[in-house]
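Peer 1: Could you have a look at this structure, given as structure tokens, before my questions?
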Amino acid sequence: MQDLLVLIVPFFLYMILKYRKSFYMLQQNSYNVSNRYIKWIFKNIHKVFITYEIFIFVFMILINLVNIFYYKYIIGCVYLICFFIELNLIKKEQQKKKFVITSRIKRLFFTMFLLFGMLIYIMFKLYNDKYLVCYYIVIGMFGYLSFIVTYFINIINIPAEKFVYFYYLNKAKKKLRGMPNLNVIGITGSYGKTSSKNILNTILSSEYNSYPTPKSFNTPYGLMKAVNNGLDKFDNVFIAEMGACKLKDIKILCDLVKPKYGIITTIGVAHLETFKSEENIIKGKFELVESLPVSGCAILNRDDEKQVNYKIKNNCKIVWIGIDNDADVRAFDIKLSYKGTNFKVKFESDSNVYDFSTKLLGKHNIYNILDGLALGYELKIPIAKMQAAVSKIMPIEHRLELKKYKDMYLIDDAFNSNPVGSKMALEVLDLMPGKKIIVTPGMIELGEKQYELNYKFGEYIADVCDVVILIGENQTKPIYDGLMNKKYDKHNLFVLNDVKESFVLLERLKDKSTYVLLENDLPDLFNE
């Protein structure tokens, strides 16, 4: 039995890091909502099962067969080495979204420790020196199969998670019922939700105490946390970003916060894989509008055919914004430059034309600003205040954010890659007065259209970029094909498997004036 104890401490250290990795993947895949985590496992069999632990099992069996003296201490040392290997891998991780030790993650770790403790207890009860190597292998399998065990741990925790969910849900609803004068605004769409939310908050804050959901808190848990921990009794506007990956997701969020106002940014094919069809995506987004009271108001985009053609099942007020088509709030005479954007706005009920200027780059940000102006006008904010607010809007982190890097300029669009946004990002890059380089791993979660849309992305890139750096050979194959269809010069095309390598390459490729578009930054679960 003492022999078994020698192994437990180093294995325990190694196991903590192994389960940290699998819990991180579970977190990145929304705790297996719509079976996202289990799908990730099947798509990444090589990461899950083809690991160095296989050699450890073979090594344990071999040294047991040759009966090496004190081999149990050797195995303990091996697992200690494994611990440092895992620690080194964590340090090298490229994380778009860092691993967050939330209360839910802590509960997963508790269940994991409980299962491991039960396993050790059973082994002690059944201990026999003859089967020592078998015990070592069983314990090792608990680490080797961490991704699979995590799946079952998540299932075991479902009752506890439901209890926690309903506790915080009722707490949030109670708090909102105690704020009857609060104006709640819901924002959804396939793209631009976070940008639109931050722009709207800047505009509304010129007249109201406005509180937006932090970062990308757009799930039931995110909204509950925002309400319970962030919403203040002095706030009179609450802006709720609403995300969805399937039908009824938006309806659940609306039932929680009960918005009076709603904004749909742009409807595209993001999350097509989980929505199953474009029709479902459109229906899902309009759950926001159809949840508004009759006295409410929805802001919609006249330039988005999907919104225009949808038959709305609600009699609430509809305000249309647009650029290319007539609308209740329309922008025109738009002057785009690498320094920002100037444009004019006409409100249908006002005979005047108003000038606006913003530091934000790209035409799509004009739509986001129009959403904010339309709702601000509806809430009777003076035009002069809105003009001042728009001029103060700061670029949102990782969303067409222009910043200096050494002696180059980076256009950081790492969090915003989609078929519409990626094309507009290239339009922004095209405005820049210098050498144009793109670094991208392409777009994801586009279902059956993923190849087609990345192929078109490659064609757009060919028309704009002097140099192309693709991250991930398999992931970017459609982009490569699109570039080749445009007969792009292969001497200016580089394919890497690590985004960090691109910054070394950029030092060699730069000119006196170089602009680099960072389009998308896939999290660790998509690394090749």
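Peer 1: Helix 419-431 versus the longest principal axis of the chain: what is the Cα-based angle in degrees, 0 to 90, to the nearest 10?
Peer 2: 70 degrees
Peer 1: Helix 132-144 versus the longest principal axis of the chain: what angle, 0 to 90°, nearest 10, using Cα atoms?
Peer 2: Orientation of helix 132-144: about 10 degrees from the principal axis.
Peer 1: Determine the distance separating the Cα centre of the range 450-500 from the Cα centre of the range 405-434; give it in Å without decimals.
Peer 2: The distance from the Cα centre of the range 450-500 to that of the range 405-434 comes to 15 Å.
Peer 1: Hey, fewest Cβ within 10 Å first, where do MET123, MET484 land in order? Walk me through the numbers before you get to the answer.
Peer 2: Details: MET123 18, MET484 14.
If I rank by nearby Cβ atoms, fewest first, I get MET484, MET123.
Peer 1: Return a whole-number percent for the relative contact order of the chain, with Cα pairs under 8 Å and 6 or more residues apart as the contact set. Please list the in-between numbers first.
Peer 2: Numbers: 854 pairs, mean separation 60.3, N = 528.
Once normalised by length, the contact order is 11 percent.
Peer 1: Suppose R0 equals 45 Å; then what is the FRET efficiency for THR102 and ASN492 from their Cβ-Cβ distance, rounded to the nearest 0.05?
Peer 2: Values: r = 44 Å, r/R0 = 0.97.
Working from the Cβ atoms, E equals 0.55.
Peer 1: From the helices alone, meaning DSSP H stretches of at least four residues, give me the mean residue ellipticity at 222 nm for the chain, per-run term -39500 (n - 2.57), in deg cm²/dmol to the nearest 500. Before the final figure, lay out each step's value.
Peer 2: Values: 21 runs with 259 residues, N = 528.
My calculation for the chain gives -15500 deg cm²/dmol from helical runs alone.
Peer 1: Suppose R0 equals 35 Å; then what is the FRET efficiency for ILE74 and PHE109 from their Cβ-Cβ distance, rounded to the nearest 0.05?
Peer 2: Working: r = 29 Å, r/R0 = 0.83.
After rounding to 0.05, the efficiency reads 0.75.
Peer 1: For the range 249-261, in order, what is each residue's ³J(HN,Hα) by Karplus, 6.51 cos²θ - 1.76 cosθ + 1.60 with θ = phi - 60°, in whole Hz (x at glycine and Pro)?
Peer 2: 4, 5, 4, 4, 5, 5, 5, 6, 9, 6, x, 9, 10
Peer 1: Using 0.36 nm times the number of residues separating PHE84 and ASN35, minus their current alpha carbon distance, what extension gain do you get?
Peer 2: Details: separation 49, 0.36 × 49 = 17.64 nm, distance 3.18 nm.
Answer, rounded to one decimal: 14.5 nm.
Peer 1: Taking a ≥ b ≥ c as the square roots of the Cα gyration tensor eigenvalues, with a/c under 1.5 meaning rounded and otherwise prolate when a/b beats b/c, else oblate, which class fits the range 117-238?
Peer 2: On the way: a/c = 4.98, a/b = 2.87, b/c = 1.74.
Prolate shape, in that a/c is at least 1.5 and a/b is the bigger ratio.
Peer 1: May I pose another question? Need the list of aspartates and glutamates near LYS404 for cross-linking: C-alpha distance under 18 angstrom, and skip anything on the same chain fewer than eight residues off.
Peer 2: Of all the aspartates and glutamates, those that pass the test against LYS404 - Cα under 18 Å, at least 8 places apart if same chain - are ASP412, ASP413, ASP430, GLU507, ASP511, GLU519.
Peer 1: Same structure again: Checking the cross-link filter: which aspartates and glutamates have an alpha carbon closer than 12 Å to that of LYS344, excluding same-chain neighbours under 8 positions apart?
Peer 2: Within the straight-line cut-off, LYS344 pairs with ASP333, ASP355.
Peer 1: Tell me whether the range 449-528 comes out rounded, prolate or oblate; compute the Cα gyration tensor, take square roots of the eigenvalues as a ≥ b ≥ c, and use a/c under 1.5 as the rounded threshold. Working shown, then result.
Peer 2: On the way: a/c = 1.87, a/b = 1.12, b/c = 1.67.
The shape class here is oblate.
Peer 1: Using the beta-carbon distance between GLU278 and CYS134 and R0 = 45 Å, what value does 1/(1 + (r/R0)^6) give for FRET efficiency, to the nearest 0.05?
Peer 2: Working: r = 54 Å, r/R0 = 1.19.
The formula returns an efficiency of 0.25 here.
Peer 1: So, one more: So for each of 391-399, 190-198, 498-506 I average, over its residues, the number of other beta carbons within 10 Å; can you give me the resulting order with the highest mean first? It would help to have the intermediate numbers written out before the result.
Peer 2: On the way: 391-399: 16.8, 190-198: 25.3, 498-506: 15.1.
In decreasing order of mean packing, 391-399, 190-198, 498-506 become 190-198, 391-399, 498-506.
Peer 1: Could you let me know the centre-to-centre spacing of the range 133-155 and the range 299-330, using Cα atoms, in angstrom?
Peer 2: Here the two parts' Cα centres lie 53 Å apart.
Peer 1: Greater than 20 Å separation of Cα atoms is the criterion. Which listed pairs, LYS197/LYS359; LYS39/LYS225; LYS306/LYS449; LYS246/LYS283, meet it?
Peer 2: Working: LYS197/LYS359 17 Å; LYS39/LYS225 28 Å; LYS306/LYS449 17 Å; LYS246/LYS283 10 Å.
In this structure, LYS39/LYS225 exceed 20 Å between Cα atoms.
Every number here is computed from the coordinates shown, using simple stated rules; none is lab data. Fair warning: this is a prediction, and the values are worked out from it, not measured in the lab. All Cβ positions, glycine included, derive from the backbone under ideal geometry; neighbour counts span all protein chains shown.
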